[in-house]
Amino acid sequence: MEIRIAAPADPLYAPLLAGRATLPHRLLRVSEADCAQLLSANRVEVALLSPLSYGEAVGKAEYLILPGPALALEGYTERVRLYFRPGLRTIARCIVPSLTSFPTLATRLLLLEQFDLEPTYVAATGLRRSCSATPMLC
């Protein structure tokens, strides 16, 4: 039997997907929100979820956390990058790959808590992904 696995398409999750599974499987690369939806709709057997996605769904569905590899970032990792326009005086708008992704939420919290900035966030369409980091343009 083939196991269906939903994993976020963000390059942030690449280290978790680098190994080869020994069981027959089909990997679906979708948005973080779609991972949770596919799992709750029983369209996949396994999904990689961010802490935010898990927290939002824990009251709606009975999820089991399987012990195994997890992704934890600490310190300067170069996994998420903010690009600033030259001459920028304040941040009024940020273009992000996804409005609902965990890196976007973490960036929002950081800018608000540390710098008292609350820019408008705009979802990018067709944002190029030439590096392994999640790019955010401010």
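The values are calculated or read from the model by the stated rules, or taken from the named source; none is laboratory data. The structure displayed is predicted, hence computed values, not measured ones. Positions of Cβ are generated from backbone atoms using ideal geometry, with glycine treated the same way; all protein chains shown enter the neighbour counts.
Against the list (1) farther than 20 Å from ALA9 by Cα; (2) modelled with pLDDT under 90; (3) touching a Leu at 6+ places or on another chain (Cβ under 9 Å), the condition PRO135 fails is (1).
Hey, among THR22, THR90, THR77, which residue is out of contact with any Lys or Arg (no Cβ under 8 Å at 6 or more places or on another chain) and closer than 20 Å to ALA123 by Cα? Testing whether each residue is out of contact with any Lys or Arg (no Cβ under 8 Å at 6 or more places or on another chain) and closer than 20 Å to ALA123 by Cα leaves just THR90. Restricting segment 101-126 to residues that are surrounded by fewer than 17 Cβ atoms within 10 Å (Cβ to Cβ) and of a type in the set (Val, Ile, Thr), the residue that is farthest from ALA9 (Cα to Cα) is THR120. When you check ALA6 against the structure, is it over 16 Å from TYR121 (Cβ atoms) and surrounded by 15 or more Cβ atoms within 10 Å (Cβ to Cβ), yes or no? So ALA6 passes the test. Residues of segment 2-26 that are among the hydrophobic types (A, V, I, L, M, F, W, C), under 20 Å from the mean Cα position of the chain (by Cα) and in a loop (DSSP other than H, G, I, E, B): ALA9, ALA18. Mind checking whether some residue in segment 63-81 is in contact with a Cys (Cβ under 6 Å, 6 or more places away or on another chain), under 15 Å from MET136 (Cβ atoms) and aliphatic (A, V, I, L, M)? No, segment 63-81 has no match at all.
The set of residues from segment 77-96 being over 21 Å from PRO15 (Cβ atoms), among the charged types (D, E, K, R) and either assigned by TED's automatic domain parsing to the domain that holds PRO11 or in a loop (DSSP other than H, G, I, E, B) (or both) comprises ARG85, ARG89. For segment 27-53, filtered to residues that are part of a helix (DSSP H, G or I) and among the polar types (S, T, N, Q), the residue that is modelled with the lowest pLDDT is SER53.
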